[in-house]
């Protein structure tokens, strides 16, 4: 009985290992099939499937359309088609905007590269689209030369205004100097006295609207280098201009200016004017976007209102009041409030005629901020005005109060340019804890890796060889990575309570420092860096393992180069440290003044490297410090794997005495053992990038199955299959069997043992297959574990 148990020890151990792997593999396949059948790869979305057309997005219960489309589902055309006029050709032009001509000024002109003409796609009050005749520019004039001509602005305002509008029509090409020069010219045009040159000033408003489409970073540079306060001058002149339009308005896509004249019947001792801005299906202002009520008694918020201002003035001599709406805050570059998002940040200006000393004014406002409520939540806000003396936001004379649901309520005791500065907290979608599949796979890997390390170290004298340093180092790095992955990959911020995340009820009117708020977590950053390091170490040791095996089997170097162990240790543990250290150092130095610099290195959802978005791919640490080294190592390992497989593992050996079946199985196991150490299964990561979600999720599960159990696979191929391990296990089993033999057996136990023994013996094919796991005693047969140890001096 004891001898039978000893003989079948290897088969039983192989069955246990294969059953464990099969269980994990079965769990993954079962979950994958179930999810495919149920179609639950992605969480259910509340967004109507393909409801918003033509690139529109569903936000806050409505479609936000791309420029050029409007309507409930963004299906109504809001642009003029491509056109030609005489020698000029124009691409599609959105309604209300000027489109630049394809033809540009030639190289020998001052205005080289700028459009030669612009054409307006006019939108009438009845909603009809009409292409106006082109405005042709002068290629020998540029924004700098126009600045010099502002000395005679009263005579040439019309021509100058037209030229600056043409030169700023292609906003993608505007530089910081262009913006400063254009702002200076437009400010001088608004300074022309009285109501003269009305068309020039309307064109100047068009130029202001076009400038507001320029890049935010370019505006920041322009503001930082603005020595003549051109932004301040423009803001003041636009406010003054808003009092000169009588009861009319000038509306452009990014700015709307409205004048309101008040008679004695309207005021009756006080002026009460309500100015409203309505929500639109796009981010452009139109003539339907604003409305004025001269006899209002207060604010009138409803679900169609995005912004509303109620002006109450008690003095008798008010004749005019004016309002200005800016679509964004690019002319209001703050030194204390940093913006990094593209949230709607409208600026509303109110002004009344008369001197400030005579004014007794109260202003009430409500803002309904336009942001994606599924991704962000409002954290705090402040009611502010633009202090022209300091060129920054200020809270003096303003306060915030309780307002209707969904609205931010502000009140101030003076008129000027107002805004609410909002800070948002992102609704991060923290993943759930590791599922059963990942947990079981990592647990098996960690157990297998720990046993492999112990075996390699403890049997050094028995094997009469030194420890296989490459294999041990690989197992150590992989074991630490698995431990960090299981216990540290989750960001502890996911467990924070959401109480007081929204500080809207805190009516202390304090200006936030930035528009997005994140909770710092240095521990998560440290874990991300350690995961980054140990995963790079793991891959480095795989390529060192492949190099070592290449030297031993292909070059047959006996012995290996001098100090080989020392140099590969420096490479294996040192090079990844340099890569991680440089990555963290560069990111920190580039964002030293940013309290949230760590999110440029790691994600918030999990403690791992930040994933590149949009145009940030080239700057991503994921690309340079992980993906590129990872790809180079995998390709190197794959090349060496193919060479070793063809020239060594599957090379015919005429002296082989084993049967063909056994030799084939040996070759298969040897090939698999090399593939495991080389990390060939990590190539599945590339298939996870496939655009088809169903295919991608299948490869995601295959990737998870093969790579979370990599440590278990190493244990099977490099520990279980070694003669020493099997010999030691046999001794242990013999000792246990001898102890059991001394004890009187129970009647029920013996039949059970006999039945179990008979069951195993009744499966000769299975028993024979698992017997093939035994390493061959033939010296001609390749044994990878022995080959990696021989002559390595590791």
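In segment 611-644, the residue that is surrounded by the most Cβ atoms within 10 Å (Cβ to Cβ) out of those that are modelled with pLDDT under 80 and in contact with a helix residue (DSSP H, G or I) (Cβ under 9 Å, 6 or more places away or on another chain) is 621.
Taken across segment 142-164, residues that are over 24 Å from residue 389 (Cα atoms), under 33 Å from the mean Cα position of the chain (by Cα) and modelled with pLDDT under 90 do not occur at all.
The single condition from (1) closer than 18 Å to residue 215 by Cα; (2) out of contact with any helix residue (DSSP H, G or I) (no Cβ under 6 Å at 6 or more places or on another chain); (3) at pLDDT 90 or above that residue 343 fails is (3). Of the set (1) surrounded by fewer than 22 Cβ atoms within 10 Å (Cβ to Cβ); (2) part of a strand (DSSP E or B), all apply to residue 350 but (1).
Test each condition in (1) surrounded by fewer than 20 Cβ atoms within 10 Å (Cβ to Cβ); (2) touching a residue at least 60 places away in the same chain (Cβ under 8 Å); (3) within 30 Å of residue 76 (Cβ to Cβ) for residue 229 and report the one that comes out false. Every listed condition holds for residue 229 apart from (3). Reported count of residues in segment 382-396, each being part of a strand (DSSP E or B) and more than 34 Å from the chain's Cα centre (by Cα), is 1. Put simply, of 173, 201 the only residue that is surrounded by 15 or more Cβ atoms within 10 Å (Cβ to Cβ), in contact (Cβ under 8 Å) with a residue 12 or more places away in the chain and more than 16 Å from residue 118 (Cα to Cα) is 201.
Taken over segment 338-353, the criterion of being more than 23 Å from the chain's Cα centre (by Cα) and under 22 Å from residue 409 (Cα atoms) is satisfied by 346, 347, 348, 349, 350, 351, 352. In segment 463-488, the qualifying residues are those that are buried (at least 19 other Cβ atoms within 10 Å of the Cβ) and modelled with pLDDT under 85, and the one that is farthest from residue 606 (Cα to Cα) is 468.
The values are calculated or read from the model by the stated rules, or taken from the named source; none is laboratory data. This is a predicted model, so every value here is computed, not measured. For neighbour counting, all protein chains shown are included, and Cβ atoms are generated from backbone atoms with ideal geometry for every residue, glycine included.
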